[in-house]
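Q: Before I ask anything, let me first share the structure, which is written out below as C-alpha cells.
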Amino acid sequence: MNRKPEVAVYYFPNYHVDPRNEAAHGQGWTEWELVRRATPRFPGHQQPKVPLWGYLDEAKPETAERQIAAAADHGIDAFIYDWYWYEDGAFLNRALEEGYLQAGNNDRLKFSLMWANHDWINIFPYKRGMDHTLLHSGQVSLQAFERACDYMIEKYFRHPSYWRVDGGLYFSVYELMSLMQSLGGLEGTKAALDGFRAKVRAAGLGELHLNAVVWGIQNLPGERTLENPGERVKELGFDSVTSYVWIHNVPMETYPTVDYPAYALKAEQDWSKYREQFGDYDLPYFPNVSMGWDSSPRTVQSDVHANIGYPFTPILVGNTPDEFRKSLAAVKRFLAESGTNPPIVTINSWNEWTEGSYIEPDTVHGFGYLEAIRDELGGE
C-alpha cells in the first residue's frame, strides 16, 4: 500500500505587528493593509481578496488554533513557517512564537522552518519606477548564523510538534546563493552546516534534515539562481530538495493573465525533471503545488500595471478549487509512480494573500481549496 503523502504548507507570517515593519510603515502596520487596499487592475481582475475569517492577528493563540484546526481537519500535516533572521536577529517571529506555540491544539499539526534568507526589500507597496529600497540584507555573518542555530535549538527544535522527516528535524533554506555568499563560499557553508548538525546532536535532539529550495527564475530583486544545483546541494550535505512556488521555475509568457490549467501542466512536467536531476545525486525531490499568483496588491494601486518585473507581473487566472484539485491529484499520482521517499508535497501557500497564493478560506471560494486537499491528499 502506498503511504499517504505528507502535506506541508508554507506559512508567510506578515499578518501581525512587528517593530521592523512599524519602523518602515508606521504604528500597527501589517500586510493586511495591502490586502484591504487592493483594486482590480484590468476588467475581470478579481481584487480585493477578502479573508472569510476577517483580518485576524496571527500572533494571537486563538487565531493559530483556528488555523491549526482547519489545516488538520483537511489533511495538512505541517506548516513550514517562512522564518526570518538577519544580522541583528529575528523578524516576523510572533506568529509562530505567540500564536502557534501558545495554541492549545498545536499537537494536531506539525511545524518547521524555512529560513527566508533573502533581502527584505520595501515592496509594501512598490511604486513603479522607484529604486528598490533594501531594508534588511539577507546575508549574515557566521556569528549571526550560529546565534540563529542556537535560537532554533532552544526555541523550536525541542518542541514535540516540530516536524521530522526521516527522523531528522526539517530545516529548509530558501536562497542557497545568499547562504554561500554569507558563509564564505562552498567550503565555509559546508563547515557552518556541519557545525549546525553538531549543535543539534550535542543538544540531544538527534539529526537535522536539511532541505534546499531550488529555483531557476529570479523573482525578488537581489535573488540569484544557483549554478549546477544538484552538485552544489550534494556537496553542501543537504538531504532533500523542493520548490517554493511555481513561478520560480515556469515562465509566465502572456500578459496580463496566464491560464492556470495550462500553466499547471507545465509545472507538473518539472516534477519529473527535478526528480531525475537531483536523483542523480541520491537526493529526493519533494514536488510543489501552487494555488495561484497575483502580486498586484504589492504595487501602488494608482500606478498603471504593466509587465515590468516583480511585483508588476502577470497574474494566474482560472485557479479555481477544481483546477487546484486536478494538480493535487496529479501530484498524488506522481509520488506513487515515482516512488519518492518519503512522499512529501509542499504547497504554496497558507496565506500569501498579497501574492495571490493562499488556501486560507476567502469570501469567494470559502473552504474550497482546503476541501480539495482533504479530498485528494487527506486519506489513505
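The values are calculated or read from the model by the stated rules, or taken from the named source; none is laboratory data. Since this is a predicted model, take the numbers as computed values, not measurements. Counting neighbours? That spans all protein chains shown, and the Cβs are built from the backbone with ideal geometry, glycine included. Only protein heavy atoms, including side chains, enter the accessible area calculation; ligands, DNA and RNA are left aside. Shrake-Rupley method; radii C 1.70, N 1.55, O 1.52, S 1.80 Å.
Q: Within the bounds of segment 68-86, is there any residue that is over 30 Å from residue 147 (Cα atoms), of a type outside the set (Val, Ile, Thr) and open to solvent by 50 Å² or more (accessible area, probe 1.4 Å)? Steps first, please.
A: Start the filter on segment 68-86 by keeping residues that are over 30 Å from residue 147 (Cα atoms), which leaves 69-76.
Right, trim to of a type outside the set (Val, Ile, Thr) and you get 69-75.
From what's left, open to solvent by 50 Å² or more (accessible area, probe 1.4 Å): 73.
Within segment 68-86 (the criterion being over 30 Å from residue 147 (Cα atoms), of a type outside the set (Val, Ile, Thr) and open to solvent by 50 Å² or more (accessible area, probe 1.4 Å)), the answer is yes, since at least one residue qualifies.
Q: Just to verify a result, which residue in segment 1-36, among those that are assigned to a loop (DSSP other than H, G, I, E, B) and open to solvent by 40 Å² or more (accessible area, probe 1.4 Å), is farthest from residue 331 (Cα to Cα)?
A: That would be 27.
Q: A further question on this structure: Does residue 41 satisfy the criteria of being basic (Lys, Arg) and either in contact with a strand residue (DSSP E or B) (Cβ under 7 Å, 6 or more places away or on another chain) or outside any loop (DSSP other than H, G, I, E, B) (or both)?
A: Against the criterion (basic (Lys, Arg) and either in contact with a strand residue (DSSP E or B) (Cβ under 7 Å, 6 or more places away or on another chain) or outside any loop (DSSP other than H, G, I, E, B) (or both)), residue 41 does not qualify.
Q: Here is a follow-up. Scan (1) open to solvent by 10 Å² or more (accessible area, probe 1.4 Å); (2) out of contact with any strand residue (DSSP E or B) (no Cβ under 8 Å at 6 or more places or on another chain); (3) without any contact (Cβ under 8 Å) to a residue 60 or more places away in the chain for the single condition residue 47 breaks and write down its number.
A: Evaluating residue 47 over (1) open to solvent by 10 Å² or more (accessible area, probe 1.4 Å); (2) out of contact with any strand residue (DSSP E or B) (no Cβ under 8 Å at 6 or more places or on another chain); (3) without any contact (Cβ under 8 Å) to a residue 60 or more places away in the chain leaves (3) as the failure.
Q: Could you grab me the full set of residues in segment 359-380 that are small (Gly, Ala, Ser) and at pLDDT below 95?
A: Residues satisfying the conditions are 378, 379.
Q: Looking at segment 317-333 only, could you name the residues that are farther than 28 Å from residue 231 by Cα, open to solvent by less than 10 Å² (accessible area, probe 1.4 Å) and not small (Gly, Ala, Ser)?
A: Passing the criteria: 324, 328.
Q: Something else: Hey, any hits in segment 65-78 for a residue that's within 17 Å of the chain's Cα centre (by Cα), part of a strand (DSSP E or B) and touching a residue at least 24 places away in the same chain (Cβ under 8 Å)?
A: yes
Q: Based on this model, can you work out whether residue 82 counts as part of a loop (DSSP other than H, G, I, E, B) and charged (D, E, K, R)?
A: Judged against the criteria, residue 82 is not a match.
Q: Would you be able to tell me the number of residues in segment 321-358 that are in contact with a Pro (Cβ under 9 Å, 6 or more places away or on another chain), outside any helix (DSSP H, G or I), of a type in the set (S, T, N, Q) and at pLDDT 95 or above?
A: Residues flagged as in contact with a Pro (Cβ under 9 Å, 6 or more places away or on another chain), outside any helix (DSSP H, G or I), of a type in the set (S, T, N, Q) and at pLDDT 95 or above within segment 321-358 amount to 2.
Q: Answer yes or no as to whether residue 307 is open to solvent by 40 Å² or more (accessible area, probe 1.4 Å) and of a type outside the set (A, V, I, L, M, F, W, C).
A: Numbers: open to solvent by 40 Å² or more (accessible area, probe 1.4 Å): yes; of a type outside the set (A, V, I, L, M, F, W, C): yes.
Spelling it out, residue 307 is indeed open to solvent by 40 Å² or more (accessible area, probe 1.4 Å) and of a type outside the set (A, V, I, L, M, F, W, C).
Q: Residue check: is residue 369 closer than 25 Å to residue 95 by Cα, aromatic (Phe, Trp, Tyr) and buried (at least 18 other Cβ atoms within 10 Å of the Cβ)?
A: yes
Results for (1) in contact (Cβ under 8 Å) with a residue 60 or more places away in the chain; (2) over 25 Å from residue 32 (Cβ atoms), shown as yes or no for each residue.
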position: 311; (1), (2): yes, no
position: 325; (1), (2): no, yes
position: 330; (1), (2): yes, yes
position: 340; (1), (2): yes, yes
position: 354; (1), (2): yes, no
position: 357; (1), (2): yes, no
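Q: Further question on the same structure: Select from segment 288-320 the residues that are part of a loop (DSSP other than H, G, I, E, B), within 25 Å of residue 265 (Cβ to Cβ) and hydroxyl-bearing (Ser, Thr, Tyr) and list them in ascending order.
A: 295, 310, 313, 320, listed by residue number.
Q: All but one of (1) open to solvent by 20 Å² or more (accessible area, probe 1.4 Å); (2) touching a residue at least 40 places away in the same chain (Cβ under 8 Å); (3) over 30 Å from residue 230 (Cα atoms) hold for residue 281; state the number of the condition that does not hold.
A: (3)
Q: Another one. If you scan segment 84-102, which residues turn out to be under 17 Å from the mean Cα position of the chain (by Cα) and without any contact (Cβ under 8 Å) to a residue 60 or more places away in the chain?
A: Once the filter is applied, which keeps residues that are under 17 Å from the mean Cα position of the chain (by Cα) and without any contact (Cβ under 8 Å) to a residue 60 or more places away in the chain, segment 84-102 yields 84, 100.
Q: If you scan segment 336-380, which residues turn out to be closer than 24 Å to residue 276 by Cα and under 20 Å from the mean Cα position of the chain (by Cα)?
A: Listed by number, the residues that qualify are 342, 343, 344, 345, 346, 347, 348, 377.
Q: Determine which member of the set 375, 303, 270, 322 is touching a strand residue (DSSP E or B) at 6+ places or on another chain (Cβ under 9 Å), acidic (Asp, Glu) and farther than 30 Å from residue 237 by Cβ.
A: Details: 375 fails: touching a strand residue (DSSP E or B) at 6+ places or on another chain (Cβ under 9 Å); 270 fails: farther than 30 Å from residue 237 by Cβ; 322 fails: touching a strand residue (DSSP E or B) at 6+ places or on another chain (Cβ under 9 Å).
That would be 303, the only listed residue that is touching a strand residue (DSSP E or B) at 6+ places or on another chain (Cβ under 9 Å), acidic (Asp, Glu) and farther than 30 Å from residue 237 by Cβ.
Q: Mind checking which residues of segment 289-322 are more than 21 Å from the chain's Cα centre (by Cα) and of a type in the set (D, E, K, R)?
A: Of everything in segment 289-322, those that are more than 21 Å from the chain's Cα centre (by Cα) and of a type in the set (D, E, K, R) turn out to be 303, 322.
Q: Among the residues of segment 71-92, are any farther than 28 Å from residue 243 by Cα and of a type in the set (D, E, K, R)? Steps first, please.
A: Restricting attention to segment 71-92, the residues satisfying the condition of being farther than 28 Å from residue 243 by Cα are none.
Checking segment 71-92: not a single residue is farther than 28 Å from residue 243 by Cα and of a type in the set (D, E, K, R).
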